[in-house]
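The values are calculated or read from the model by the stated rules, or taken from the named source; none is laboratory data. Computed from a prediction, not measured in an experiment: that's the story for all the values here. Cβ atoms come from the backbone with ideal geometry, glycine included; neighbour counts cover every protein chain shown. What goes into the accessible areas is simple: the full protein's heavy atoms, side chains included, and nothing from ligands, DNA or RNA. Shrake-Rupley method; radii C 1.70, N 1.55, O 1.52, S 1.80 Å.
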Amino acid sequence: MMHNHFADIILPLAVMGTFTYGIPEEMSGKVFPGSRVLVQFGKKKLYSGIIFRTHNDSPPSINIRPIISVLDPLPVVNEIQLKFWLWISEYYMCSIGEVMKASLPSDLCLEGVTEVPVMEKYKPREETFVELASEFSENELNIILDNLAKAPKQYKALNAYLSFSGCEDGSNMKAIRKSLLIKETGSSQGTIDSLVRKKILSYITLETGRLSDAELPAEPKKELSKAQHASLDAVSGIFMEKEIALLHGVTSSGKTEIYIHLIEEQLRKGRQVLYLLPEIGLTTQIIQRLNRHFSSVTGIYHSRFSNAEKVEIWNRVAGTDSGKEYRLIVGVRSALLLPFRNLGLVVVDEEQDGSYKQHDPAPRYHARDCAVVLAGLHKAKTILGSASPSIESYNNALSGKYGLVELKERYGLIKMPEIIVANSREAYRKKLMVSHFTPQLLESIDDALGRNEQVILFQNRRGFSPYLECPECSWIPKCIQCAVNLTYHKGINRMICHYCGFSTGIPAQCGNCHSPGMATRGFGTEKIEDEIKIVFPSARVARMDQDTTKGKNSFQRLIRALEERQIDILIGTQMISKGLDIENLTVVGILNADNLLNFPDFRAHERSFHMMEQVSGRAGRRQKVGKVIIQTSDPDNRIIRLVLNHDYKNMFRIQLDERKAFNYPPFCRLLKINIKHKDRSLINSFSDFLGRDLKSHFGRNLLGPEFPLISRVQLWYIKTILIKLDKEKPVAIAKQYIMDSIERLEKEKGSSGLKIAIDVDPY
Ligand code: ADP
Ligand code: ZN
Ligand code: ZN
């Protein structure tokens, strides 16, 4: 075979395209697409990069540098991934280097300068093991043991080794961890050293993984109900002719059980399965359920693993860690980027969820949409599941692009929860409110506690109070770096910016008129926690939000406490709205539906509906019928009326009509350009420049440039331009025009202080 002389390499840079390097003769046969190699870039930077392709095309310039070294014996990225990366970079308009950076574990991304040797960051974990120094016959072993009669500690340690390692007859040399031997026998280090000196035992160093391998006995799958069975059959039928099925099943209908059946079928065929969830917190409960059936091949993936653990997960998914391959991966959106070899099925649970979208940094991808593409590359099937599908997916199902399966009953024929709309405006007026709680909510909580049942209260803002305000002049403390109000956190006694993390002390007086006594305004989860403790002093209250779930196992602890009924009332943000399956939970309170509904976004009503459906779905999932209390100052709100009747179909119809009338997705594609500059007047002139240039092409389909709701974050002023791309016209041309237009802007004098980000499907 002829030797390819050039390699196009992906480097971790925000520059479009790949970079061509020479393949030295001695590397011939050692570099492939997907190989990780070290190269020099510019005057003295060194990077590891991934080979995208090798070829013999004449290179663009004669000054081609050679690859410095090949870092692994085999490619670390497979060819399907390379295709996937390319697709992501083209669709989401970012560099393939940015996709690589988001995908590869950071320990595999090396960076350095030419003067210093570049070292690998990942180190396998090594541990000392003990094994027999050589093979002994049973007879020899007996003699050895007899000789140790005068050294009882050594005798005991050797005996323990023999029984742990299961090689009593001396033949099977199984190594066991030294630390285990010491712990189990109460031996000292010295005792084992002595046995090693006598050449009875010896030490060896072995690589061990950081991931736990607890293998549980596999339980049989649950018997499906008649309705579930029909749904499973329907999904299988769809998969005969379509790639994607949308499973629209009410909350607690048993969607997870249906996935389990589908997963088993794929595993049996030897294929891999990816199970995506929107939130880390959710992996805890789902993984427990999946582990009952598939523990030996199941891995989890989310951002809280250490860098070294991420490398090991990567290797297990790739199957390079022999015998320990992960074939079912449960994870959040970034799990999509793992090195799957042969996916058979991708499950996207709660497909409507906004957390599937990555906002920053690039690639700004949507995991559900990418999952469909990834599955296509593997010739795998995709199942999207939801109790209230996104408008886009449901529309795709109605148009026949996806197959649709509807599961309308809860498992065990449990009734849907009863929904009560509590008018908070009226209750305030009649002075019936107790702090932030309506009489209906208080009564329901009281009843539940009386029956020893559990309650969750949903408030989509964390902190104590969204802001402080001077009662005299209405001055509000704001972040010094962002155009947002600071949130008051009482527990730690600080004001915090939820956009940049900036924090400061509590102002004792107004920063404007200096009058003392700032007043708290609005309420967050922390304040609800405080107040509920006052109203129900004997209830056990806990809170689940970003502030209380920072630790690696904090979700697990909270969810376990909830399962074990150590918590009576759990207060939380959107984290508690999804997926939780708690037997004894019967009452759900939505404290303020207004701030969901009034969010200025074309999707706000759809989102509010999803959120309220989801969170209500937590109530009454077993024998008892649940109750949901929605507090609002606008009880006649159309969306609330729809939630009241669990009327998804009408919500969909109304939303779709609106989207059509105002030309929003799914009737067009949206593309947002974010322009940032630290100077207020320059942001205006540069964004006007870009706006004019783009308008000449997009005309009325361009909105802006305008300051977004939060117009300044971390000292950067922001302007946005929104473009509605015509679905009928080729997207590639529009995207190219946008890239060219940005390039023209970047040639303008003084534009180097700009940061420009493109967000495709920015929602
Ligand atoms: P969903 O994902 O649709 O909200 P789940 O799969 O969580 O619903 O099911 C709700 C509850 O009912 C879970 O506790 C689940 O274990 C139980 N369940 C669902 N289907 C079955 C079944 N076929 N047999 C036994 N229990 C089931
Ligand atoms: Zn800030
Ligand atoms: Zn004031």
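Name the pairs: first residue in region 242-254 and touching a residue at least 12 places away in the same chain (Cβ under 8 Å), second residue among the acidic types (Asp, Glu) and in a strand (DSSP E or B), Cβ to Cβ under 8 Å, at least 6 apart or on different chains?
Close Cβ pairs satisfying both conditions: His248/Glu406; Gly249/Glu406.
If I go through region 466-490 residue by residue, how many of them are farther than 30 Å from His359 by Cα and either more than 10 Å from ligand 3 (Cβ to nearest atom) or open to solvent by less than 30 Å² (accessible area, probe 1.4 Å) (or both)?
1
Mind checking which pairs have a first residue in region 516-528 that is of a type in the set (Asp, Glu) and a second that is surrounded by fewer than 19 Cβ atoms within 10 Å (Cβ to Cβ) and not in a strand (DSSP E or B), Cβ under 9 Å, 6 or more apart or different chains?
So the pair list comes out as Glu526/Lys490; Glu526/Gly491; Glu526/Asp547.
Hey, among the residues in region 196-228 that are over 19 Å from His293 (Cβ atoms) and part of a helix (DSSP H, G or I), which one's farthest from ligand 2 (Cβ to nearest atom)?
Arg197
Among (1) over 27 Å from Pro220 (Cβ atoms); (2) open to solvent by 10 Å² or more (accessible area, probe 1.4 Å), where does Thr298 come up short?
Evaluating Thr298 over (1) over 27 Å from Pro220 (Cβ atoms); (2) open to solvent by 10 Å² or more (accessible area, probe 1.4 Å) leaves (1) as the failure.
Give the residue, chosen from Phe602, Phe523, Phe555, that is more than 16 Å from ligand 3 (Cβ to nearest atom), in a loop (DSSP other than H, G, I, E, B), of a type outside the set (D, E, K, R) and surrounded by 17 or more Cβ atoms within 10 Å (Cβ to Cβ). Write out each step before concluding.
Values: Phe602 fails: surrounded by 17 or more Cβ atoms within 10 Å (Cβ to Cβ); Phe555 fails: in a loop (DSSP other than H, G, I, E, B).
Every option except Phe523 fails the conditions.
Would region 657-673 turn up any residue that is in a helix (DSSP H, G or I), in contact with a Gly (Cβ under 8 Å, 6 or more places away or on another chain), within 29 Å of Pro363 (Cβ to Cβ) and open to solvent by 60 Å² or more (accessible area, probe 1.4 Å)? Explain how you work it out, then say what you get.
Taking region 657-673 and keeping what is in a helix (DSSP H, G or I), we get 657-662.
Keeping just the survivors that are in contact with a Gly (Cβ under 8 Å, 6 or more places away or on another chain) gives none.
No, region 657-673 contains no residue that is in a helix (DSSP H, G or I), in contact with a Gly (Cβ under 8 Å, 6 or more places away or on another chain), within 29 Å of Pro363 (Cβ to Cβ) and open to solvent by 60 Å² or more (accessible area, probe 1.4 Å).
Of all residues in region 272-295, how many are within 13 Å of ligand 1 (Cβ to nearest atom), open to solvent by less than 10 Å² (accessible area, probe 1.4 Å) and touching a Leu at 6+ places or on another chain (Cβ under 8 Å)?
So the count comes out to 2.
Does region 262-269 contain any residue that is under 30 Å from Lys121 (Cα atoms) and modelled with pLDDT of 90 or more? Break it down stepwise before answering.
Narrowing region 262-269 to residues under 30 Å from Lys121 (Cα atoms): none.
No; the residues of region 262-269 include none that is under 30 Å from Lys121 (Cα atoms) and modelled with pLDDT of 90 or more.
Considering each residue of region 714-747, count those that are within 16 Å of ligand 2 (Cβ to nearest atom) and under 16 Å from Pro762 (Cβ atoms), and give that number. Outline the logic, then answer.
From region 714-747, those within 16 Å of ligand 2 (Cβ to nearest atom) are 714-718; that's our starting set.
Filter again for under 16 Å from Pro762 (Cβ atoms), leaving 718.
Within region 714-747, residues that are within 16 Å of ligand 2 (Cβ to nearest atom) and under 16 Å from Pro762 (Cβ atoms) number 1.
All but one of (1) at pLDDT 95 or above; (2) under 30 Å from Leu644 (Cβ atoms); (3) surrounded by fewer than 22 Cβ atoms within 10 Å (Cβ to Cβ) hold for Gly400; which doesn't?
Checking Gly400 against (1) at pLDDT 95 or above; (2) under 30 Å from Leu644 (Cβ atoms); (3) surrounded by fewer than 22 Cβ atoms within 10 Å (Cβ to Cβ), the one that fails is (2).
With the checklist (1) within 16 Å of ligand 2 (Cβ to nearest atom); (2) in a loop (DSSP other than H, G, I, E, B) in hand, flag the one item Gly491 doesn't pass.
Every listed condition holds for Gly491 apart from (1).
Restricting the search to region 526-539, which residues are in a helix (DSSP H, G or I) and either under 15 Å from Phe458 (Cβ atoms) or not aliphatic (A, V, I, L, M) (or both)?
Residues of region 526-539 that are in a helix (DSSP H, G or I), as a first pass: 526-535.
Within region 526-539, Glu526, Lys527, Ile528, Glu529, Asp530, Glu531, Ile532, Lys533 qualify.
Select, from Leu432, Leu442, the only residue that is without any contact (Cβ under 8 Å) to a residue 12 or more places away in the chain and either in a helix (DSSP H, G or I) or not small (Gly, Ala, Ser) (or both). Reasoning before the result, please.
Working: Leu442 fails: without any contact (Cβ under 8 Å) to a residue 12 or more places away in the chain.
Result of the check over Leu432, Leu442: Leu432.
Can you tell me how many residues in region 56-75 are free of Cβ contacts under 8 Å to residues at least 40 places away in the same chain, touching a strand residue (DSSP E or B) at 6+ places or on another chain (Cβ under 7 Å) and either hydrophobic (A, V, I, L, M, F, W, C) or open to solvent by 80 Å² or more (accessible area, probe 1.4 Å) (or both)?
The qualifying residues number 1.
Scan region 430-441 and tell me whether some residue there is more than 16 Å from ligand 3 (Cβ to nearest atom), touching a Phe, Trp or Tyr at 6+ places or on another chain (Cβ under 7 Å) and not β-branched (Val, Ile, Thr).
Restricting attention to region 430-441, the residues satisfying the condition of being more than 16 Å from ligand 3 (Cβ to nearest atom) are 430-441.
When the remaining residues are screened for being touching a Phe, Trp or Tyr at 6+ places or on another chain (Cβ under 7 Å), the result is 436.
From what is left, the residues that are not β-branched (Val, Ile, Thr) are 436.
Within region 430-441, one or more residues are more than 16 Å from ligand 3 (Cβ to nearest atom), touching a Phe, Trp or Tyr at 6+ places or on another chain (Cβ under 7 Å) and not β-branched (Val, Ile, Thr).
Please note which strands (runs of 3 or more DSSP E) are completely contained in region 701-763 and include at least 1 residues that are under 22 Å from Ile88 (Cα atoms). Walk me through how you get there before you give the answer.
Values: elements: 702-706, 716-726, 755-760.
Because the criterion is at least 1 residues that are under 22 Å from Ile88 (Cα atoms), the strands (runs of 3 or more DSSP E) in region 701-763 that meet it are 716-726, 755-760.
Across region 369-397, what is the number of residues that are open to solvent by 20 Å² or more (accessible area, probe 1.4 Å) and touching a Ser or Thr at 6+ places or on another chain (Cβ under 8 Å)? Break it down stepwise before answering.
Applying the first criterion (open to solvent by 20 Å² or more (accessible area, probe 1.4 Å)) to region 369-397 yields 369, 372-373, 376-377, 379, 381, 392, 395-396.
Narrowing further to those that are touching a Ser or Thr at 6+ places or on another chain (Cβ under 8 Å): 372.
The number of residues fulfilling the criteria is 1.
Could you tell me which numbered condition Ser503 fails, if it satisfies all but one of (1) under 25 Å from Asn592 (Cα atoms); (2) of a type outside the set (D, E, K, R); (3) open to solvent by less than 50 Å² (accessible area, probe 1.4 Å)?
(1)
For region 304-321, name all the residues that are part of a loop (DSSP other than H, G, I, E, B), touching a helix residue (DSSP H, G or I) at 6+ places or on another chain (Cβ under 7 Å) and either open to solvent by 40 Å² or more (accessible area, probe 1.4 Å) or of a type in the set (Ser, Thr, Tyr) (or both).
First pass over region 304-321, keeping only residues part of a loop (DSSP other than H, G, I, E, B): 304-306, 319-321.
If we keep only those that are touching a helix residue (DSSP H, G or I) at 6+ places or on another chain (Cβ under 7 Å) too, we end up with 304-305, 321.
Arg304, Asp321 - these are the residues of region 304-321 that are part of a loop (DSSP other than H, G, I, E, B), touching a helix residue (DSSP H, G or I) at 6+ places or on another chain (Cβ under 7 Å) and either open to solvent by 40 Å² or more (accessible area, probe 1.4 Å) or of a type in the set (Ser, Thr, Tyr) (or both).
Provide a single number: the residues in region 63-103 that are assigned to a loop (DSSP other than H, G, I, E, B) and over 16 Å from Val317 (Cβ atoms).
Matching residues across region 63-103 total 11.
From the residues in region 494-518 that are within 14 Å of ligand 2 (Cβ to nearest atom) and assigned to a loop (DSSP other than H, G, I, E, B), which one is nearest to Ile710 (Cα to Cα)? Before you say what the answer is, go through the steps one by one.
Going residue by residue through region 494-518, those that are within 14 Å of ligand 2 (Cβ to nearest atom) are 494-504.
Imposing the further condition that a residue be assigned to a loop (DSSP other than H, G, I, E, B) reduces the set to 497-502.
On the way: Cys497: 12, His498: 11, Tyr499: 9, Cys500: 12, Gly501: 15, Phe502: 15 Å.
Applying the filter and picking the extreme gives Tyr499.
Among the residues of region 115-130, is any among the β-branched types (Val, Ile, Thr) and open to solvent by 70 Å² or more (accessible area, probe 1.4 Å)? Working first, answer last.
Quick first cut of region 115-130, residues among the β-branched types (Val, Ile, Thr) only: 116, 118, 128, 130.
Add one more test, that the residue is open to solvent by 70 Å² or more (accessible area, probe 1.4 Å), and what stays is 116.
Yes, the conditions are met somewhere in region 115-130.
Right, Tyr428: away from ligand 2 (no atom under 14 Å from the Cβ), hydroxyl-bearing (Ser, Thr, Tyr) and out of contact with any Leu (no Cβ under 9 Å at 6 or more places or on another chain) or not? Quick ask: steps written out before the conclusion?
Values: away from ligand 2 (no atom under 14 Å from the Cβ): yes; hydroxyl-bearing (Ser, Thr, Tyr): yes; out of contact with any Leu (no Cβ under 9 Å at 6 or more places or on another chain): yes.
Yes: the conditions hold for Tyr428.
Is it fair to say Tyr411 is open to solvent by 90 Å² or more (accessible area, probe 1.4 Å) and either small (Gly, Ala, Ser) or more than 30 Å from Ile528 (Cβ to Cβ) (or both)?
Working: open to solvent by 90 Å² or more (accessible area, probe 1.4 Å): yes; either small (Gly, Ala, Ser) or more than 30 Å from Ile528 (Cβ to Cβ) (or both): yes.
Yes.
Is there a residue in region 229-250 that is among the hydroxyl-bearing types (Ser, Thr, Tyr), closer than 28 Å to Tyr411 by Cβ and either open to solvent by less than 60 Å² (accessible area, probe 1.4 Å) or assigned to a strand (DSSP E or B) (or both)? Show your work before the answer.
From region 229-250, those among the hydroxyl-bearing types (Ser, Thr, Tyr) are 231, 236; that's our starting set.
From what is left, the residues that are closer than 28 Å to Tyr411 by Cβ are 231, 236.
Still in the list and also either open to solvent by less than 60 Å² (accessible area, probe 1.4 Å) or assigned to a strand (DSSP E or B) (or both): 231, 236.
Yes, the conditions are met somewhere in region 229-250.
Sort through Lys269, Lys255 and tell me the only one that's more than 16 Å from ligand 2 (Cβ to nearest atom), open to solvent by 10 Å² or more (accessible area, probe 1.4 Å) and within 22 Å of the chain's Cα centre (by Cα). Lay out the reasoning, then the answer.
Numbers: Lys269 fails: within 22 Å of the chain's Cα centre (by Cα).
None of the other options fit; the residue is Lys255.
Could you list, in sequence order, all residues of region 462-473 that are within 16 Å of ligand 2 (Cβ to nearest atom) and at pLDDT below 85? Walk me through how you get there before you give the answer.
Keep residues of region 462-473 that are within 16 Å of ligand 2 (Cβ to nearest atom), which gives 462-463, 466-468.
Of everything in region 462-473, those that are within 16 Å of ligand 2 (Cβ to nearest atom) and at pLDDT below 85 turn out to be Arg462, Gly463, Pro466.
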